[in-house]
Amino acid sequence: MYRLGVSGHSLGAALATLFGFYAASDLRILEKVNPVQVYSFASSFVGDHRFRTAFKLLEREGKIVHARFVNDHDFVTMLPFISPKVDLERRLTYKSWDIKSYKHVGLQVFLAQAEENK
């Protein structure tokens, strides 16, 4: 058995999360690696609620572990704020935007700024 660890920062963190998900879903990889380990730093949102449900299933099955490190006051971890619903037959309007579509996955490790002694 081998170990597979994936990590990234910002956009790289989002890509590491996606790669880890797909690697943990591939039986050819899981024959040699179990679990896939993902360490992401300052990741933006990656997928919707269906992605999160599938990701949690892989976690429960022990196929993937993910630690998502978030810095205090880092707005990148809350991007994108909204996303368009793709409808090729209609124009984009304010009704085309879905504020709740993106979800975070993995165990959040929150890094707060230390308070100064006064």
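The values are calculated or read from the model by the stated rules, or taken from the named source; none is laboratory data. Here the structure is a predicted model, which is why all the values come from computation and not from measurement. Cβ coordinates were reconstructed from backbone atoms using ideal geometry, including for glycine residues, and neighbour counts include every protein chain displayed. Quick note on the areas: whole protein, heavy atoms, side chains included, nothing else; ligands and nucleic acids left out. Shrake-Rupley method; radii C 1.70, N 1.55, O 1.52, S 1.80 Å.
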Would you call Lys56 open to solvent by 80 Å² or more (accessible area, probe 1.4 Å) and either in contact (Cβ under 8 Å) with a residue 24 or more places away in the chain or under 13 Å from Val105 (Cβ atoms) (or both)?
yes
Residue within the range 65-75 that is more than 18 Å from Val6 (Cβ to Cβ) and part of a helix (DSSP H, G or I) present
yes
Identify, please: which residue in the range 19-51 is surrounded by fewer than 17 Cβ atoms within 10 Å (Cβ to Cβ) and in a helix (DSSP H, G or I) and is, among those, farthest from the chain's Cα centre (by Cα)?
Arg28
